[in-house]
Amino acid sequence: MKKMYITTPIYYVNDEPHIGHAYTTILADVINRYYKSIGYKTFFLTGTDEHGLKVQQAAVKNNVTPQQHVDKHVIAFKNIWKKLNIDHDFFIRTTDANHQNKVKFALQTLFDKGEIYLDEYEGLYSISEERFITQKEADEGDFREIKKIKEKNYFFKMSKYQDKLIQHIKENPNFIKPESRKNEILGFLDKPLNDLCISRPKDRLEWGIEIPFDTNYVTYVWFDALLNYISSIGWSENKNFESWWPADYHLIGKDILTTHAVYWPTMLMALNVPLPKTILAHGWWIMEDQKMSKSLGNVIKPLDLAEEFSVDSLRYFLMRNMVLGQDSSFSRASFIKRYNSDLANDYGNVINRITILIKKNFDGLCPEPGKYDKTELELIKLCDDIVNKVEKNMVKLKIHDALEAIFSLIREINKYLELKQPWKTIKVDKSQKGDAATCLYVSVELLRISSELLFPFMPEKTRITINALSQEISHNLEFGIIKPYCSIEHPGALFPRIEND
Ligand code: MSP
């Protein structure tokens, strides 16, 4: 059986979950559900990044221990993923004992191999980003709370892997996606790569994983956090690891590309672990030309929208309105526009029309079709073509194109109903196998297939729709599955139009 291992970044536990976090996690969930639907064995990992200065400071401020602080905050992430129907297989916390042991094991292994050394370093340190930065980075102004720091620290010999990494990126065109991000990293690697400072003295930061060979230090948060991708699946201890690793997709936002495409692969090279297959960096959700972030105070809370307009419509909007890799702007108006045009007018309307007509005219039982005419045969063929197109787009992760293809099918059903006008022909001929019966059977089947295709995106509403047709989610995309005379119910208004907002 083919496998799919997909990960999201592990989110800073201190932050309140927002649309940006929800986007990456929903995207991973959609891809994971899709691969499951086509028969893959899948593993979907998400979690929280729980060490570092910001957590330590917040705990002090709230008069609790850092552990108490993270235990309280992790609940918000766990709850939101549950509400948004995120079907992850494991939720990693970097404070888990297993993860901490694996980080220590990795450090000790690298130290024993001579890949880590102690050195004195003087440089600019960004407290907000928790890393040393270059003068150029400081001048560019993207970093806050910059201090000059001189101290002894442990360094990982990252520079040693520069040429090997460049070669790997060039030889594996899918390693960093999209292409523009790959070029960005190759540009970054044009300049000499520094070694990576992987420790923090305890007198400056206590809340971290202790360095196993020097108890005066804790591990740098990124070195700790990146290892979650292998510590979660049994690295260094059992065979399960090989059945999942290498990861098929590390989904990340473009803001954390360097850590994933430079630090992480060089760490893996030094540990003798194969590299992930694809690091996929998506763009940002922008609010009025600015990245959405807590510090800018322009955060949209995903749950507010989900509660107001349904979880599925939020999932749909986020997947439909962002071209993977590019930035996309978010506004309440764009959400409502998309909702009304695609969900209320197209999908919702087709569900209502078909189920109400069958309820009224065929006693709520699926009609039996007669012989298909040219229009119907062409429509069934078109459905098949669209199913293939969706599959092609999904495996290329052209998510918005896959959705556009599914909605082209839904619009075809509406057009077909307009053409055949079963609400008129039914007045003349209500018989089984008659024109209206045939039209409604074809429409019901196409509605079932469209709903199956939409299932990874909108698991709740599509299940309700498919159940209303007396079916279970089966992932069967062939035409002609529903047996005539089964019960067809009207599932109620699943996507009521949003008026006068
Ligand atoms: N803890 C690190 C990741 C460690 S992974 C080994 C981190 N966490 S974070 O909480 O800041 O989350 C970062 C991720 O959230 C981004 O990479 C991106 O996936 C998502 N987003 C945060 N803000 C975003 C937007 N405004 N738009 C889209 N996604 C963004 O970095």
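The values are calculated or read from the model by the stated rules, or taken from the named source; none is laboratory data. On a predicted model such as this, the values are computed, not experimentally measured, just so you know. Every residue, glycine among them, receives a Cβ derived from its backbone with ideal geometry; neighbour counts consider all protein chains shown.
What to note about this one:
- For segment 359-378, a residue qualifies if it is touching a helix residue (DSSP H, G or I) at 6+ places or on another chain (Cβ under 6 Å), within 18 Å of I449 (Cα to Cα) and assigned to a helix (DSSP H, G or I), and exactly one does: E376.
- Residues of segment 427-462 satisfying the condition of being assigned to a loop (DSSP other than H, G, I, E, B) and either closer than 18 Å to I413 by Cβ or of a type in the set (A, V, I, L, M) (or both): F455, F457, M458
- Residue within segment 439-458 that is β-branched (V, I, T), out of contact with any Leu (no Cβ under 8 Å at 6 or more places or on another chain) and buried (at least 16 other Cβ atoms within 10 Å of the Cβ) present: no
The rows are residues; the columns are (1) under 30 Å from D112 (Cβ atoms); (2) out of contact with any Leu (no Cβ under 7 Å at 6 or more places or on another chain).
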site: D139; (1), (2): no, yes
site: I146; (1), (2): no, no
site: E151; (1), (2): yes, yes
site: Y154; (1), (2): yes, no
site: I166; (1), (2): yes, no
site: R181; (1), (2): no, no
site: I185; (1), (2): yes, no
site: L189; (1), (2): yes, no
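- Qualifying residue in segment 136-146 (condition: under 25 Å from G283 (Cα atoms), within 27 Å of the chain's Cα centre (by Cα) and surrounded by fewer than 17 Cβ atoms within 10 Å (Cβ to Cβ)): yes
- Boolean, P192 is over 26 Å from K147 (Cα atoms) and surrounded by fewer than 23 Cβ atoms within 10 Å (Cβ to Cβ): no
- All conditions but one from (1) surrounded by 21 or more Cβ atoms within 10 Å (Cβ to Cβ); (2) within 27 Å of the chain's Cα centre (by Cα) apply to N388; the one that does not is (1).
- The listed residue being in a loop (DSSP other than H, G, I, E, B), without any contact (Cβ under 8 Å) to a residue 40 or more places away in the chain and aliphatic (A, V, I, L, M), out of V64, V60: V64
- Residues located in segment 1-22, provided they are among the β-branched types (V, I, T) and either near the ligand (Cβ under 9 Å from one of its atoms) or not in a strand (DSSP E or B) (or both): T7, T8, I10, V13, I19
- Meeting the requirement of 1 or more residues that are more than 16 Å from the ligand (Cβ to nearest atom) and of a type in the set (D, E), the helices (runs of 4 or more DSSP H) wholly within segment 183-268 are 240-244.
- Residue check, A28 within 17 Å of K398 (Cα to Cα), within 13 Å of the chain's Cα centre (by Cα) and within 11 Å of the ligand (Cβ to nearest atom): yes
- Condition met for L271 (away from the ligand (no atom under 13 Å from the Cβ), touching a Pro at 6+ places or on another chain (Cβ under 6 Å) and of a type in the set (A, V, I, L, M, F, W, C)): no
- Residue check, N101 polar (S, T, N, Q), outside any helix (DSSP H, G or I) and at pLDDT 95 or above: no
- In segment 225-242, the residues that are more than 15 Å from T7 (Cβ to Cβ) reach residues that are in a loop (DSSP other than H, G, I, E, B) and away from the ligand (no atom under 11 Å from the Cβ) with C-beta atoms within less than 8 angstrom, at least six apart or across chains, in these pairs: N240/I233; N240/G234.
- The sole residue among I92, I31, I38 that is closer than 25 Å to Y249 by Cβ, among the hydrophobic types (A, V, I, L, M, F, W, C) and surrounded by fewer than 22 Cβ atoms within 10 Å (Cβ to Cβ) is I38.
- Every residue from segment 30-87 that is among the small types (G, A, S) and under 21 Å from L227 (Cα atoms): G47, G52
- Residues in segment 347-380 that are more than 13 Å from I413 (Cα to Cα) and among the charged types (D, E, K, R): K359, K360, D363, E368, K371, D373, K374.
- Evaluating G39 against the criteria (1) within 14 Å of the ligand (Cβ to nearest atom); (2) closer than 22 Å to K398 by Cα leaves one unmet condition, (1).
- Test: residue in segment 468-478 that is of a type in the set (S, T, Y) and closer than 23 Å to G370 by Cβ: yes
- Test result for V60, on the phi < 0 side of the Ramachandran plot, surrounded by 20 or more Cβ atoms within 10 Å (Cβ to Cβ) and more than 9 Å from the ligand (Cβ to nearest atom): no
- Number of residues in segment 312-343 that are within 16 Å of P496 (Cα to Cα) and either surrounded by fewer than 21 Cβ atoms within 10 Å (Cβ to Cβ) or modelled with pLDDT under 95 (or both): the value is 6.
- T215 meets the conditions (1) within 19 Å of R131 (Cβ to Cβ); (2) free of Cβ contacts under 8 Å to residues at least 24 places away in the same chain in every case but one. The failed one is (1).
- Top-ranked residue of segment 104-113 - restricted to ones that are assigned to a helix (DSSP H, G or I), out of contact with any strand residue (DSSP E or B) (no Cβ under 6 Å at 6 or more places or on another chain) and touching a residue at least 40 places away in the same chain (Cβ under 8 Å), ranked as surrounded by the fewest Cβ atoms within 10 Å (Cβ to Cβ): Q108
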